[in-house]
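Below: one structure, written as structure tokens.
The values are calculated or read from the model by the stated rules, or taken from the named source; none is laboratory data. Not measured: the values here are computed from a predicted model. For neighbour counting, all protein chains shown are included, and Cβ atoms are generated from backbone atoms with ideal geometry for every residue, glycine included.
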Amino acid sequence: MTMRTNSKDRALRERAREVIPNGMYGHESVALLPEEFPQFFSRGEGARIWDADGNDYVDYMCAFGPNLLGYRHPDVEQAAGAQAALGDTLTGPSEAMVTLAEDFVGMVTHAAWAMFCKNGSDATSMAMVLARAYSGRRKILVAHGTYHGASPWNTPNPKGTLPEDRAHIIYFRYDDTDSLRDAFRQADGDVAGVFVTPFRHEVFEDQFLPSAEFAREARRLCDDADALLIVDEVRAGFRLARDASWSLFGVEPDLTTWGKVLGNGYPISALLGSEKVRAAACGIYVTGSFWFSAVPMAAAVATLRTVRTSDYLERMIARAEEMRKGIAEQAAAHGIGIRQTGPAQMPQIFFDDDPDMRRGYFWAAAAVRRGVYLHPYHNMFATSALTEADIARTLAATDEAFTELKRAWATIPPQSNPAVLARIKAKLESRAR
């Protein structure tokens with residue numbers, strides 16, 4: 001595999017630093033990665049990506065989530081191409097918008113209407129505006145440390161924001177019914193909405209599903225206060241279920257926010273809402289020049305058709321569980337303790353007794369050098385395009401990475417990136433609180 005020194009990837013990084021702040025827009029999920037990780041890519045196909053130097057990888061980041069069905073999925077590409085031949089961003093939307101809304105609403109139990117935008121941050125911020133418009137109240141309840149996008153009210157990096165941006169945000173502990181009740185009491189009748197993710201999936205942390213009790217209590221508390229329950233599906237949507245994720249608990253939210261997988265890589269996100277919120281949705285003003293582009297909507301129509309009519313979910317889970325089982329067996333055989341948390345199709349892998357993550361970083365980088373793109377601290381994603389050959393290649397690489405890790409176990413230096421250590425320290429301190 002091509003080394004980064006004197007590579008095209010290295011040259012692109014240097015060029016980017018001259019004309020783009022931090023070279024990669026300050027995106028920390030890139031900035032905090034080891035040098036072995038490529039930052040520029042030339043193409044993707046199925047479950048694989050090729051970097052700027054032509055090296056290929058089995059990709060377990062899936063573009064940080066959007067690759068649900070496989071890069072360049074034939075049906076999605078055909079639909080997008082056919083629409084592109086007619087036009088994309090026009091003076092108004094195409095018929096694809098209405099078809100997409102009909103299909104989407106028909107698939108998600110709580111939904112009576114849909115509004116489309118571009119990014120997850122668009123959708124979550126729209127949900128916040130709508131919750132306040134619905135009730136006229138101000139307070140938004142959010143779990144500590146939960147990521148709902150890069151808008152000022154939620155960004156993990158507060159530089160350039162004001163305390164006023166979060167003045168009406170009240171925090172609770174995820175999956176803690178007492179903490180959520182306390183947040184309602186603190187709001188003193190002024191709760192507009194409660195944001196939750198389908199499960200806990202934050203960087204640098206083990207993942208876990210909430211209890212059914214927590215999900216149902218969140219619904220009850222919102223009903224009692226006439227506040228909106230908002231489930232943020234941007235990361236997990238259609239990876240747990242073909243409906244909204246909390247349908248697994250029998251809980252219907254008032255709003256759900258969607259993105260990433262909706263167009264299988266084409267730029268589109270959405271807000272879905274229940275009938276009781278329709279009037280408020282009619283009264284808010286939200287828009288964007290590219291929100292009505294037709295090509296992503298055509299791609300999303302094709303994506304949802306595949307979600308409805310194929311066994312994509314079952315195949316994805318089966319392959320992911322095969323990978324999880326294989327990695328667990330390898331770690332045990334090498335005498336190395338690991339934790340694999342969250343759903344297998346959205347895996348998070350950490351090493352026991354690794355407070356500064358030096359071993360996790362080492363192992364992930366060793367896998368990348370062998371053509372398997374794993375991530376040391378962000379949850380990963382499976383795609384339904386994974387094949388038996390992809391899993392076999394993955395497990396061969398991870399086994400060799402375990403061997404290399406065990407050989408170097410005692411001599412692996414601490415992480416030298418101060419930003420990595422600062423994030424780890426902040427996460428550990430937040431857990432202690």
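Quick one: count up the residues across the range 102-118 that are under 12 Å from LEU262 (Cβ atoms) and either among the small types (Gly, Ala, Ser) or assigned to a helix (DSSP H, G or I) (or both). Residues flagged as under 12 Å from LEU262 (Cβ atoms) and either among the small types (Gly, Ala, Ser) or assigned to a helix (DSSP H, G or I) (or both) within the range 102-118 amount to 4. Within the range 370-401, the only residue that satisfies the criterion of being among the small types (Gly, Ala, Ser), in a loop (DSSP other than H, G, I, E, B) and surrounded by fewer than 22 Cβ atoms within 10 Å (Cβ to Cβ) is GLY371. Listed conditions (1) over 29 Å from ALA281 (Cα atoms); (2) modelled with pLDDT of 95 or more are all met by PHE204, apart from (2).
Taking the conditions (1) under 20 Å from ALA408 (Cα atoms); (2) out of contact with any Leu (no Cβ under 8 Å at 6 or more places or on another chain) in turn, PRO355 satisfies each one other than (2).
Of all residue pairs spaced 6 or more apart or on separate chains, those with beta-carbon atoms under 6 Å, a first member in the range 56-71 that is in contact (Cβ under 8 Å) with a residue 12 or more places away in the chain and a second member that is in a loop (DSSP other than H, G, I, E, B) and β-branched (Val, Ile, Thr) are CYS62/THR383; ASN67/THR383; GLY70/THR383. In the range 219-247, of all residues being assigned to a loop (DSSP other than H, G, I, E, B) and not charged (D, E, K, R), the one that is surrounded by the most Cβ atoms within 10 Å (Cβ to Cβ) corresponds to GLY237. Only strands (runs of 3 or more DSSP E) whose full extent lies in the range 30-96 are considered here, and none of them has at least 3 residues that are hydroxyl-bearing (Ser, Thr, Tyr).
Residues in the range 134-150 that are in contact with a helix residue (DSSP H, G or I) (Cβ under 8 Å, 6 or more places away or on another chain) and surrounded by fewer than 17 Cβ atoms within 10 Å (Cβ to Cβ) were compared, and the one that is farthest from PHE290 (Cα to Cα) is HIS144. Scanning the range 184-218 for residues that are within 20 Å of SER135 (Cβ to Cβ) and either buried (at least 19 other Cβ atoms within 10 Å of the Cβ) or not assigned by TED's automatic domain parsing to the domain that holds TYR134 (or both) gives PHE184, ALA187, VAL191, ALA192, GLY193, VAL194, PHE195, VAL196, ALA218.
Considering the range 319-351, and only residues there that are assigned to a helix (DSSP H, G or I) and of a type in the set (A, V, I, L, M, F, W, C), the residue that is nearest to LEU209 (Cα to Cα) turns out to be ALA320.
Close Cβ contacts (under 6 Å, 6 or more residues apart or on different chains) running from residues in the range 391-409 that are farther than 21 Å from MET357 by Cβ to residues that are part of a helix (DSSP H, G or I) and at pLDDT below 95 are absent. Answer yes or no: is there a residue in the range 279-292 that is crowded, with 17+ Cβ neighbours inside 10 Å, β-branched (Val, Ile, Thr), in the same structural domain as CYS117 (by TED's automatic domain parsing) and in contact (Cβ under 8 Å) with a residue 40 or more places away in the chain. Within the range 279-292, none of the residues are crowded, with 17+ Cβ neighbours inside 10 Å, β-branched (Val, Ile, Thr), in the same structural domain as CYS117 (by TED's automatic domain parsing) and in contact (Cβ under 8 Å) with a residue 40 or more places away in the chain.
When we screen GLU321, GLU314, GLU329 for residues that are under 22 Å from the mean Cα position of the chain (by Cα) and within 30 Å of LEU405 (Cβ to Cβ), the only hit is GLU321.
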